[in-house]
Each structure stands twice: as C-alpha cells, then as structure tokens.
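Beneath this line is the structure, given in structure tokens, with notes to follow.
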Amino acid sequence: MNRRLPWILRIYRDSLAGLPPRVWLLCGVFLINRAGTMVVPFLSLYMTVQLGFTIGEAGWVLGAFGLGSVVGSYLGGQLSQRIGAVTVQKLALVSVGAAFLVLTQLETLPTLMVGVFVVSLVGEGFRPAALAAVAEAAPKEVRTRSLGLVRLAASAGQAIGPALGGLLASLDYRWIFVGDTATCWLAAVLLVVFLPDRESSEDRKARAAARRPGSVWDDTFFLWILASIFLFACIIFQFTGAFPLYLHEGYGLNEETIGLVLGFNALLVVIFEMPLVRWLEKRNHARLVGLGSFLTCLGFSLMPLGDSVAFALFTVAVWSFGMMLVLPFSNALVAECAGEGRSGEYMGVYTAAFSSALLLGPPLGLWIYGRFGPQTLWLLVGLLGPVLWLVGERLAKRQRESQEEVRALP
C-alpha cells in the first residue's frame, strides 16, 4: 500500500517518521496557538478604524509590542531554565489569553501601549519555551527534524490565523480578541491534560546540577551564530515593510496580488521544508545556515531585475529555500550549543535576537528605501549575503575542529 503513494508523499512521510509522541503533542499545541494569530495582523486596523487613532499613534503602540517581544523572549527563556519549559508555556498561554480580553477594554493611547506591551511580553515567553521543550523532548538523532516540525506547525497556524481573524473582524473587531483568547486557552488545556508537571524539586535540582557551567555570553561560538541570525532576520523581515512596498511601486501589483505573492512563501515551506531537513540533517548545520543566508539575501537582491508576477514569485522561491536552510538548522545549532539542561536559556536569547530584528529591520529598511532608493536597499542586502556565507563557513570549520578534539580525547 505504501508503494502506491506518490514519491513526494513517501518522502514527506519518511521525513516525519520516528519523531516522539511528546514532540508531536508540543507541536500540535504550537499549531493551535499560532492558528490564533488574529490580533497582531489586525491591530493597526483596529486602532485606526475602530478606535479612531492616527497612523502615527498606531505606530507607537506597535513599537510597544516590539519592545515587549524582545523582553518577553529573553525572560521566557530564563524562566524555562528555572521552572521548566512546559510550565512556562502553560503560564504564558493562560496569562496572554486573559490579557487579550483586558485589551478590549483599553481605548486610550497610554493604556493601549501598556496593555500591548504586557500582551507581547507574556505571549512571546511562549516561543522560547516551546523550542526548548521540543529540544529537550527529542533525541539527538531526530532533534533537527523535531525542531523543523515546530516551524511547519508555525507556518500552518499562521496561514489559518489571519484568514480566520479577517472573518471575525468583518463581524466585529473585538471578536478577534476573543478568538485569540480561545486558542490560547485551548492550547493550555491540552498541555495541562496531556503533559502534567511531574517534575519534583529533586528532579529540578538534578537538572540544574547537570547544566554546563558558564554564561551564554561567554560562548563565542553561540555569539557568532546570534550575530549572523540577527542580520539574517533583519533581511527576512523586509517582507513586512520594504518588500510589499516595492511590489506595489516597482512591480505595480495590487494588494490582492501582493498577498498571494507573500502567501507563496508559506506554501513552499509547508510542502518542501520537512523533506529538505530530512535530506540534509546529517550535513554540517553551520555550513547550511551560511548557505541559506546567502540564498535569502540573493532572493531579495534580485528584485530590481524584473517586474512581473512570475519573477516576483521566483525571487520569493529563492529566499524561501534560503529560510528553509537557515531556520531549522539554526534552531538545531542553538540546541547543540545549549547542551544538557540549558535549552531555555539559549533559546530565550536566540528568540530575543529575532524579536530585536523585527523591531529594527523593517524601519531601517524603509528608511534606506526612502532616503537612497529601493535599488540601494536591495544592493546592500545582496552584499550582505557573501559575508553571512563566510561566517557560516568559519563556524563550520570551528565545529569540525571541536569535534576532532573531542574524538582525540582518551
């Protein structure tokens, strides 16, 4: 019966085989949580259309969200280290669900800024905890694919959330807050029912004793990964700012077509990422991250060379495959750096780098776009590609040398 499956489905099936049930459950919770991504995509519209705020005032609230995301990512990782990643997920889901309901009662600029900051701070604590929980639950031989499944769950969920949010917003904007709350609480219930906290104080002490000594900030290999990932994320987050603007101004595309072009990225990720990870999981991860960063920069830098929908889709395909190399394998690299008992700490700093890039990357890209022109922006992005590739090669060499030193020990 399996032989009758088309070859692409057999490859997809094989890429998901052997993952532990706990990983599937954690990724299912992540999927439900991300399927509730309704408030953030419509927050600016809610403020300007429903509450009558100016665009500038909405920008201040979105800035508060970005700041909360940075702080929440870091604190979520630190708390995961101290009380356990699954416990942090439960607390974050319950708390942010309640915070969304409170947000519907806030209608002034100062209160909304505080409320959105709190929502972001609490909600973003879930992300490093989820990555740490999967890294801890997965045996080393399937850890890369397990972390890839988290990415697949996130992409699938984020394809559902905005579409459902648009439907609810057409009825009443406040329903998107209720919908987000419902998915958060449903995910929390699944964790409470199927993953009860059985870790005793003695278990926590043993886990703390097993931690490798030292600070994240003393790990130079990890810091190089962090720097390259921050720059990569600044590039990839151009799809929230300069990229759709250039599709409109440079390619003459309308909003509907731009949405389809952006959706092409999620489609490619869902179809190809897991088989690609399965095929490459035994290769050097740092080298793959470097190559993926180069492809991502290349995809954006090709933009000025065409003006058709087909060419725009081609550029999206190039940077999408770059993302498929960078994100799952950088997740695995960070888990490897963390070692035993420090996944939360490392994942917190790692996800905070993404949040920082989201806060800085889009406005910086738009400033370069407006001040020097889009061609200059895409040229600078293209020039960054070889730099990130070289960093990846250097890290791959250091990784090989470290592995050889370990093998040489008696």
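The values are calculated or read from the model by the stated rules, or taken from the named source; none is laboratory data. Worth saying up front: this structure is predicted, and the values here are computed from it rather than measured. Cβ coordinates were reconstructed from backbone atoms using ideal geometry, including for glycine residues, and neighbour counts include every protein chain displayed. Ligands, DNA and RNA are excluded from the accessible area calculation, which covers all protein heavy atoms including side chains. Shrake-Rupley method; radii C 1.70, N 1.55, O 1.52, S 1.80 Å.
Structural remarks
- Between E57 and T257, the distance separating the two model label sites (each 7 Å from Cα on the Cα→Cβ line) works out to 3.6 nm.
- Per-peptide average of other Cβ atoms within 10 Å, ordering 126-137, 89-100 highest first: 126-137, 89-100
- Packing-based ranking of 140-149, 329-338 yields 329-338, 140-149, ordered from highest to lowest mean Cβ neighbour count within 10 Å.
- Put a dot 7 Å past the Cα of R400, heading toward its Cβ, do the same for Q50, and the two dots end up 5.5 nm apart.
- Phi angles of region 140-145 translate, via the Karplus equation with coefficients 6.51, -1.76, 1.60 and θ = phi - 60°, into HN-Hα couplings of 4, 5, 10, 5, 4, 5 Hz per residue; Gly and Pro are given as x.
- Here the average projected area of the convex hull drawn through the C-alpha atoms of region 271-391 stands at 8.6 nm².
- Converting phi to 3J(HN,Hα) with the Karplus coefficients 6.51, -1.76 and 1.60 and the offset θ = phi - 60°, region 372-381 yields 10, x, x, 4, 5, 4, 5, 5, 4, 4 Hz in sequence order, with x at every glycine or proline.
- With bins 10 Å wide beginning at 0, the percent of Cα pairs of region 1-105 falling in each bin runs 11, 29, 27, 18, 13, 3.
- On the basis of the beta-carbon distance and an R0 of 35 Å, F372 and E141 show a calculated FRET efficiency of 0.15.
- Region 34-185 pair-distance distribution - Cα-Cα, 5 Å bins, rounded %: 2, 10, 17, 21, 21, 14, 8, 5, 2, 1, 0
- Peptide packing for 244-252, 381-389 was compared via the average number of neighbouring C-beta atoms within 10 Å per residue; ordered from the highest value, the list is 381-389, 244-252.
- Volume of the Cα convex hull of the chain, divided per residue and given in Å³: 162 Å³
- Apportionment of accessible area to carbon and sulfur, region 273-345, percent (1.4 Å): 63 percent
- Separation of region 96-175 from region 9-50 is 9 Å, based on Cα centroids.
- Hydrodynamic radius by Kirkwood, which averages 1/r over all alpha carbon pairs of region 108-203, in angstrom: 16.1 Å
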